[in-house]
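A single structure is presented below for examination.
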């Protein structure tokens, strides 16, 4: 399988804080990759750098073989990377359907609306298409954000805490959608704190700590990796009685 | 009555109401021949145009401009300078109006390129700064006539019907900008503007060419404001630096839009129709002008504090609440998780009009 | 020619110091309340008129009169904030506060016209017209005193912000409103008091302005607010140091241009604003991504 998204040695600091430190990550096409790490480890910063919302101090980002380092967000989107935000960002004063039409590229109105409706039905909020997005509940907004990111037919989708702050059945709903899209060929990179979600869904997990990659591999291996436990729990964890489940973090 | 039939009735009612309004506007000078009244009409329509032009940019995009007078005054001066230098007289002066619009647009482009690159707070201040630059230029340059300003060529029309052609020209401008606003709002252009208003960075991230969209709206706004400035100049037959570039003008049109409802189509129209005749009346009544300012400020405060979203949206909400007494207005809300979507495979559905 | 230039620079610094005081008030208000107080200009003029009335009717010295006008303006500021700004909420808050303060400015201007009329007024005192001759420069007493007072007040403000608990609350609120409330800071009180301070300093600026402007009337507010706005934008919205630097810099430039052409000195002010913003959209010392749009 070829590598779809790759970062190489990305450095990013904010003032005195090193948010990303020689961060090198590889995502293979067609996989669902997870990105985990304690709070402040640089996960969202990495997303921001990849999608052009932040400039890397050094290092490169590649999509397939194309260098997209420091490209503007709209170029990144056009290249085929979609991205959601930790705190959902939708357009509250526009209706749900209008939200879907913002990223639409087609010149024919009917085609745009058809695609939008299809995606709204896919995530399950089609009934709300005429309501202002600002009135949606938090969970519905997450679904809307996922839907409109899909409008651009991206090859890879970066999800920032898709399971954060929503009830269990919605979490499973979202996980199902991701599986379906993955089965259809879409690649995912997911930042999450919900370990069950990550372990159940991801083929590959990368762990960040203080901006550097600490471990990478299949979920089962990574969750028991010493360095991962250190990252989440601090360096002086005891020898005996370590429950690997503690790696679920804060 | 089915909800579909009800909807059709509502749309029909809306269009009929619109037709009645337009007919009334067209017949106004015919019915009310008194020049005092048609004078009110002319000014009201000038401000309807100006407020709607402001709204097309600031209302939709959320970038509050307090410098529209830049275009207004420039349009006025453009007509005045052209009339003087090209020796245009009589009704020929009206042919200069497109020039006013062109000047407005020409100024808007560099103005926008500088001003639209910054954050919203800074944008407002830049519009104010540019406004003062233009006022200063009008005072200090000789070709603008300095502090005495410029006169407009004399029009040998009878006093009784003098106002009427101006009324209809202003009406045409007003209908023009209102129609444009309506079309824009329905089009993708308007959608992008409103998305920018809600979350510009997110819109950019989704492929919206923010600078282009903002600049286009800004230029349109500038062109129309310049045009109506030219009309105003010809009607008033003179322009001076402090009347062509008047900070109260800027504030008034914003107040009108806010009173009626920023971002709506009818809002600025309603606001202008309420405020402008009022302002005019106060100016005439209290020639020792300062009451006008106090009152304007006071009305502003009241509007912002009590009707912050404007009459049209607030009124619309009341109507909706009345109409849906007891019934839920939203579709029966099932939690999203319980809706089982058909398993549609988006990647395999036909040629996507989308990316590419 | 050289002496003219040096004199202009000295003048610019002295005047800049006074403008700095008013600009710092304005930028402080922005930093804490996230609003642009358009009324700041007319409030300065109001301060000038208050000093005028005190001096003309009651014979109180201009500087002594500050002991009355500063607290009065402070209270006025708190009242305005409490009554008209605090109730504003929602997404449109930025535009609404802008319009509210603009509306307040209009009202105050109208009231001043009603009370004092449109004719120019001037603050007079023995030290207004005389100056001290030092090293070949003329340093008007009023400017020296005013500059000295401005320095004292800016230092006092600095101490207030960085050495007191109240100041800590203010800085915390500036950085993160919600976080500040979470740790128990009464941000409404902070907002009201900050607004009061921002307006209180205009009393001093007003007195200086009234004494040195060569005649003021209610219309003078427009020019003032546009200059102050330009200054705080240049210095970076919310940056107190930036306001100081920008004030002195801009007024020195104006003073220099004034040698060549008085009419264009004013225009240069705005042209400089536009120029700087072309190069650096967040001003000299502004924070880059200040607030979400």
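Since every read-out is calculated from the coordinates, none of them should be taken as a lab result. Because the structure is predicted, anything quoted here is derived from the model rather than measured. Glycine also receives a Cβ, built like all others from the backbone with ideal geometry; neighbour counts cover every protein chain displayed.
So how much slack lies between residue A:39 and residue A:93, counting 0.36 nm per residue of separation and subtracting their Cα-Cα distance, in nm?
Using 0.36 nm per residue and subtracting the Cα-Cα distance, I get 16.3 nm.
Let me confirm one metric for peptide A:80-92, namely the mean number of other chain beta-carbon atoms within 10 Å of its residues' beta-carbons.
3
If packing is taken as the average count of other Cβ atoms within 10 Å, what order do C:55-62, B:267-274, C:264-271, A:154-161 fall into, highest mean first?
B:267-274, A:154-161, C:264-271, C:55-62
Something else: What order do you get for C:154-162, B:40-48 when each peptide is scored by the mean count of other beta carbon atoms within 10 Å, highest first? Before the final figure, lay out each step's value.
On the way: C:154-162: 13.9, B:40-48: 24.7.
Order by mean packing, descending: B:40-48, C:154-162.
7 Å from Cα along Cα→Cβ at both residue B:9 and residue C:261: what's the point-to-point distance in nm?
6.9 nm
As a footprinting exposure proxy, order B:180, A:143, C:54 by other Cβ within 10 Å, with the fewest listed first. Display every interim value, and only then the final one.
On the way: B:180 16, A:143 29, C:54 21.
Ranking B:180, A:143, C:54 by Cβ neighbours within 10 Å, fewest first, gives B:180, C:54, A:143.
Sticking with this one: Taking 2.2 N^0.38 Å as the expected size of a compact globular protein, what ratio does the Cα radius of gyration of region A:1-106 give against it, to two decimals?
Rounded to two decimals, the normalised Rg is 1.16.
Moving on to the next point. Classify chain A from the C-alpha gyration tensor, please: rounded if a/c falls under 1.5, else prolate or oblate depending on whether a/b exceeds b/c.
Here chain A falls in the prolate category.
Also, quick follow-up: Could I have the simple spin-label model distance between residue B:323 and residue C:160, label points 7 Å from Cα toward Cβ, reported in nm to one decimal?
5.3 nm
Moving to a separate point now. Rounded to the nearest 500 deg cm²/dmol, what is the calculated helix-only ellipticity per residue at 222 nm for the protein assembly as shown, with -39500 (n - 2.57) per DSSP H run of length n ≥ 4? Mind showing how you got there, number by number?
Working: 34 runs with 547 residues, N = 899.
Dividing the helical sum by the residues of the protein assembly as shown leaves -20000 deg cm²/dmol.
Per-residue counts of other Cβ atoms within 10 Å, averaged by peptide: what ranking do you get for B:224-230, B:301-307, highest first?
Per-residue Cβ counts within 10 Å, averaged per peptide and sorted highest first, yield B:224-230, B:301-307.
State, to one decimal in nm², a quarter of the convex hull surface area for the C-alpha atoms of chain B, i.e. the direction-averaged projected area.
If I average the Cα hull's projected area over directions, I get 23.6 nm².
Then there's this: Between residue B:147 and residue B:186, what's the calculated FRET efficiency when r is the beta-carbon distance and R0 is 56 Å? Round to 0.05.
My answer for the efficiency is 0.75.
So for the protein assembly as shown: antiparallel DSSP bridges make up what percent, rounded to the nearest 5?
Working: 28 of 44 bridges.
For the protein assembly as shown, the DSSP antiparallel bridge percentage is about 65.
To the nearest whole number, what is the average tally of beta carbon atoms from other chains within 10 Å of the beta carbons of peptide A:104-111?
4
In addition: By its C-alpha gyration tensor, with a ≥ b ≥ c as the square roots of the eigenvalues, how is region B:120-234 shaped: rounded for a/c under 1.5, else prolate for a/b larger than b/c, else oblate?
Values: a/c = 4.20, a/b = 1.54, b/c = 2.73.
It comes out oblate by the Cα gyration axes.
Further question: Report, to the nearest 10°, how far helix A:109-123 tilts away from the longest principal axis of the Cα atoms in chain A, using its own Cα long axis and a range of 0 to 90°.
50 degrees
Rounded to a whole number of µm²/s, how large is the Stokes-Einstein D of region B:44-117 at 4 °C and 1.567 mPa s, given Rh as the Kirkwood radius over C-alpha pairs?
Values: Rh = 13.5 Å.
Rounded to a whole number, D works out at 96 µm²/s.
Turning to a different aspect of this structure: From the square roots a ≥ b ≥ c of the eigenvalues of the alpha-carbon gyration tensor of the protein assembly as shown, which class results: rounded (a/c under 1.5), prolate (a/b over b/c), or oblate?
Judged from the Cα gyration tensor, the protein assembly as shown comes out oblate (a/c at least 1.5, b/c at or above a/b).
Computed FRET efficiency, Cβ-Cβ of residue C:168 and residue B:18, R0 60 Å: what is it to the nearest 0.05?
Plugging the Cβ-Cβ distance into 1/(1 + (r/R0)^6) gives 0.55.
For residue C:182 and residue C:93, calculate 0.36 nm times their separation in residues minus their Cα-Cα distance, and state this gained length in nm to one decimal.
Extending this stretch completely gives an extra 29.9 nm.
Estimate the FRET efficiency between residue B:201 and residue C:7 by the formula 1/(1 + (r/R0)^6), using the beta-carbon distance for r and 51 Å for R0, to the nearest 0.05.
0.55
I would also like to ask the following. Relative to the longest principal Cα axis of chain C, at what angle does helix C:187-212 sit, 0 to 90 degrees, rounded to 10?
The answer is roughly 10 degrees.
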